[in-house]
Amino acid sequence: MKFFLRSPYIKQADVLRGFYFFENQFDLKTLERNYDFYEPLTVNESSLSPCVHSILASRLGKEDQAYAFYLRTARLDLDDYNAEVEEGLHITSMAGIWMSIVEGFAGMRIADDQLSFRPRLPKAWEDLEFRINFRGVILSVAITHTSIAFSTKSKESIRLMVDEVVYEIAGSRVLSI
C-alpha cells in the first residue's frame, strides 16, 4: 500500500517539542538544524505550537523569530487566528505565554537540580520581572538588557546558574549580575 502526502506542511511543532522536552540530550547545532528545517513547514494551527517555537528560537538566539512566535501565542484568541474563538479560549495558549516569557526570554530551566537562566530579553522590552517558587523558596527575578537580579526573603539558600556560572543566594539577599 502506498501513501501520498497531500501537503509538506505540518500542523504543530511535534518534532521540535521533542527537542523542547529533551533539550539536554541534543547540542545546539542539532537543535538549530532541526529548527531551521521544521519551522518553515509548521503552520502553527495548534495553540501548543507557537510557544515551543518561541522558546527554541530564544535558545538559538533567533530573537526576532522568538518575539514573533511569542506575539502569535499571546494574540491567538485576541486576534482569533484560527477563527474559532466562539468555541472558547485556548488555556494552553495562555500557559504558552508564560512559558515563552519565563523559559524563552528569561531562559529559565532546571539543570543539575538547580535553577538555570540564559536571559534573552526582546528588543521591544525594557525589562522583565517575575517570581517563582522553587522548592519552597520564592525567588524574584528582574532582567534588563544589561543585568539580571535575584532576591529572596527566604532564610534557606538557593543555588542558581546564570550563563553557566553558579551563584548562591539566601536570607533576604539581593544578587545582581
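The values are calculated or read from the model by the stated rules, or taken from the named source; none is laboratory data. Because the structure is predicted, anything quoted here is derived from the model rather than measured. Counting neighbours? That spans all protein chains shown, and the Cβs are built from the backbone with ideal geometry, glycine included.
Here residue 72 clears all of (1) surrounded by 19 or more Cβ atoms within 10 Å (Cβ to Cβ); (2) assigned to a loop (DSSP other than H, G, I, E, B); (3) of a type in the set (D, E, K, R) except the condition numbered (2). Close contacts from the range 133-148, counting a first residue that is on the phi < 0 side of the Ramachandran plot and among the aromatic types (Phe, Trp, Tyr) and a second that is surrounded by 12 or more Cβ atoms within 10 Å (Cβ to Cβ) and assigned to a strand (DSSP E or B), with Cβ to Cβ under 9 Å and a gap of 6+ residues or different chains, come to 134/114; 134/115; 134/158; 134/160. I need the full set of residues from the range 149-176 which are free of Cβ contacts under 8 Å to residues at least 24 places away in the same chain and under 19 Å from the mean Cα position of the chain (by Cα), in order please. Residue satisfying the conditions is 164 alone.
Looking at the range 7-20, can you tell me whether even one residue there is farther than 29 Å from residue 160 by Cα and among the basic types (Lys, Arg)? Within the range 7-20 (the criterion being farther than 29 Å from residue 160 by Cα and among the basic types (Lys, Arg)), the answer is yes, since at least one residue qualifies. Would you be able to say whether some residue in the range 79-93 is in contact (Cβ under 8 Å) with a residue 40 or more places away in the chain, surrounded by fewer than 19 Cβ atoms within 10 Å (Cβ to Cβ) and at negative phi? Yes, the range 79-93 contains a residue that is in contact (Cβ under 8 Å) with a residue 40 or more places away in the chain, surrounded by fewer than 19 Cβ atoms within 10 Å (Cβ to Cβ) and at negative phi.
Annotation note: Cβ proximity below 9 Å between a residue of the range 16-36 that is exposed (fewer than 14 other Cβ atoms within 10 Å of the Cβ) and a residue that is assigned to a helix (DSSP H, G or I) and at pLDDT below 95 (sequence gap 6+ or interchain) occurs for 25/19; 30/19. For the range 65-121, the set of residues classified as of a type in the set (Phe, Trp, Tyr) and under 24 Å from residue 137 (Cα atoms) consists of 98, 105, 117, listed by residue number.
The set of residues from the range 85-114 being of a type in the set (A, V, I, L, M) and either at pLDDT 95 or above or outside any strand (DSSP E or B) (or both) comprises 85, 89, 91, 94, 95, 97, 99, 101, 102, 106, 108.
Residues of the range 41-63 being assigned to a helix (DSSP H, G or I) and either in the same structural domain as residue 123 (by TED's automatic domain parsing) or over 24 Å from residue 90 (Cα atoms) (or both), which ones? Result: 59, 63. Taking the range 80-95 as the range and being under 19 Å from residue 12 (Cα atoms) and not small (Gly, Ala, Ser) as the test, the residues that pass are 80, 81, 82, 84, 85, 89, 90, 91, 92, 94. Among residues of the range 94-116 being surrounded by 19 or more Cβ atoms within 10 Å (Cβ to Cβ) and within 21 Å of residue 154 (Cα to Cα), the one that is nearest to the chain's Cα centre (by Cα) is 108.
Among the residues of the range 119-177, the ones that are assigned to a strand (DSSP E or B), surrounded by 11 or more Cβ atoms within 10 Å (Cβ to Cβ) and either assigned by TED's automatic domain parsing to the domain that holds residue 61 or aliphatic (A, V, I, L, M) (or both) come to 18 in all. Go through the residues of the range 17-40 one by one and say whether even a single one is assigned by TED's automatic domain parsing to the domain that holds residue 98, modelled with pLDDT under 95, of a type in the set (Val, Ile, Thr) and out of contact with any Ser or Thr (no Cβ under 8 Å at 6 or more places or on another chain). Looking through the range 17-40, none of the residues is assigned by TED's automatic domain parsing to the domain that holds residue 98, modelled with pLDDT under 95, of a type in the set (Val, Ile, Thr) and out of contact with any Ser or Thr (no Cβ under 8 Å at 6 or more places or on another chain). Under the condition of being modelled with pLDDT of 95 or more and among the basic types (Lys, Arg), the residues counted in the range 124-147 number 1.
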